[in-house]
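Bear in mind that the values in this text are calculations on the coordinates, not laboratory data. Bear in mind the structure is a predicted one, so any value in this text is a computation, not a measurement.
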Ligand SMILES: Nc1ncnc2c1ncn2[C@@H]1O[C@H](COP(=O)(O)OP(=O)(O)OP(=O)(O)O)[C@@H](O)[C@H]1O
Ligand SMILES: O=C(O)C(=O)C[C@H](O)[C@H](O)CO
């Protein structure tokens, strides 16, 4: 079972151009997209979050259930669902502005234990920024690592939501000893201002950096492994990074490699296969509007 911890929200995705383009609600949130992608790829997954009782919250939970994701430990609240207004550039890349004040997901509290059978826990995005929930997710991350559970971190930097960049950068560094796999985009890496080698020295057994259409690279103590992006007609890249995150976890689980030792021992063929699978999965997400990760059958052949 892979547990994904963090926010579920509604992305408002533009249809048309200009300031008055229609905004289409789409189910989203980095951790939410990761959980949906895991379910669609066929990995047993559970979502660990706090979700509103409003209609958006119900729709978010319905899709997780339909996808086979365990929602039994999801906390609920009467506060509204977070909204992320997306703008999409000519190349399909997305930027977000948020309505986060007083929303349900930021009142998450750390559970006393991880679900039975947890093999890995994934963290990331706004849930690690917005207090008081951020401290609770951080507590869960440290507890998982202290129990020897594999942890994945995708910071998914949303700079507009981070009140003090230097304080966040220091906090990010403090997480690294508790992180097994760090995945981030090239822009996130630039914003954080470190190098894969520095991050590897601080804890993770592997660092994976995504480079949009140029693909992705894994850095480990034993070497660097890169695959190119797939050729695809991009509608928008919403959820592409989350699909990579899920595909990596799914691929590692399938190889029985959800441990730092197994990760460090994955050779060139192992990494190339894993990254290639992630690139194919992300290309499917890029080919459709909003975060719609692929089902396993779409990646066969
Ligand atoms: N234009 C593209 N063509 C083909 N593949 C792409 C393209 N853009 C993104 N991808 C795939 O998606 C992966 C993740 O993309 P990117 O680096 O843009 O992540 P991201 O910025 O974290 O995305 P998001 O935050 O929107 O989920 C890339 O490594 C690549 O495999
Ligand atoms: O998860 C978030 O906070 C977002 O930024 C909304 C998007 O759905 C998500 O990041 C897409 O990767």
- [ ] Mind running the shape call on the range 38-153? Use the C-alpha gyration tensor, a ≥ b ≥ c as the square roots of the eigenvalues: rounded below 1.5 for a/c, prolate if a/b tops b/c, oblate otherwise.
- [x] rounded
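I need the semi-axes of the equivalent ellipsoid of the range 91-228: take the C-alpha gyration tensor, multiply each eigenvalue by 5, square-root it, list largest first in whole angstrom.
Numbers: eigenvalues 112, 86, 37 Å².
One finds semi-axes of 24, 21, 14 Å for the range 91-228.
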Task: Zero-based 5 Å bins, Cα pair distances in the range 205-257, whole percents - done: 5, 16, 23, 29, 16, 7, 3, 0
Task: log₁₀ of I(q)/I(0) at q = 0.11, 0.12, 0.17 Å⁻¹ - the range 143-301, Debye sum with one point per alpha carbon - done: -0.42, -0.51, -1.02
TODO: Any chance you could list P(r) for the range 21-100, counting all Cα-Cα pairs in 5 angstrom bins from zero, rounded to whole %?
DONE: 3, 14, 23, 23, 16, 14, 6, 1, 0
Task: Highest-fluctuation residue, 194, 215, 239 considered, GNM on the chain with Cα pairs under 10 Å - done: 194
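If I take all pairs of Cα atoms in the range 223-301, what percentage of them are more than 20 Å from each other? Please report the intermediate quantities before stating the final value.
Details: 956 of 3081 pairs.
Tail of P(r) above 20 Å: 31 percent of Cα pairs.
With the cut-off at 23 Å, report for the chain the share of all Cα pairs above it, as a whole percent.
Working: 22770 of 45150 pairs.
The proportion of pairs with Cα distances above 23 Å equals 50 percent.
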Open item on the list: Which of 60, 107, 266 ends up with the largest GNM mean-square fluctuation for the chain, with Cα atoms connected below 10 Å?
Closed with: 266
- [ ] Rank 145, 283, 120 by mean-square fluctuation in a GNM of the chain with C-alpha springs under 10 angstrom and give only the top-ranked residue.
- [x] 145
TODO: In vacuum, with every alpha carbon of the range 13-53 counted as one equal point scatterer, what does the Debye formula give for log10 I(q)/I(0) at q = 0.26, 0.28, 0.34 Å⁻¹? Two decimals, please.
DONE: -0.88, -0.94, -1.13
